[in-house]
Amino acid sequence: MLVPREKDPADFYLPLTAFHDAFQTSIGDLRKHFCGSSLDDLYREDAADFSDEDDQAPLPACRPMAASTIANRLDHARWAACALVASGVPIEQVTDVRMLVQPVAQP
C-alpha cells in the first residue's frame with residue numbers, strides 16, 4: 001500500500017529572486033568563494049613570505065571547484081533556505097547563508 005504524499009516538495013522550492021537582496025548577495029559571495037576568491041590569492045601571496053626557518057608552513061593554494069560542484073552546493077544552500085522558510089521563518093528574515101547552519105532560536 002502506498003502512502004500518498006501530503007504536499008509536493010516543489011511547492012517549497014522558491015526562486016532565488018524570492019529572497020531578500022542580502023541573501024542573494026550572500027549566495028553570490030559563496031559562489032565567489034567556491035570559485036577561488038581574492039582571499040585565496042591573498043593567502044597564496046602570504047605563503048611566499050615564509051622562509052624555510054619559519055615554524056609555520058605556508059597555506060596550500062586552494063583549487064577552485066568544478067562548475068557542476070558549485071552549482072550543486074548553491075542549489076543545496078537554496079534548498080536549505082527554502083526549508084527554513086517552510087518551517088515558519090519569514091522569508092524577509094533569511095538574509096545570509098550563515099543562517100542556514102545556525103539553530104533557530106526556540107520561543
Point to revise | Whole-Hz ³J(HN,Hα) from phi, Karplus 6.51 cos²θ - 1.76 cosθ + 1.60, for region 75-86, glycine and proline x | key: 4, 4, 5, 5, 4, 5, 5, 5, 5, 4, 5, 5
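What order do you get for Ser26, Ser68 when you list them from fewest to most C-beta neighbours inside 10 Å?
Ser68, Ser26
All of the numbers you see were taken from the coordinates with simple rules; none came from a lab. Treat the numbers as computed from the prediction; the structure is a model and nothing was measured. Using ideal geometry, Cβ is built from the backbone for each residue, glycine included, and neighbour counts are taken over all protein chains shown.
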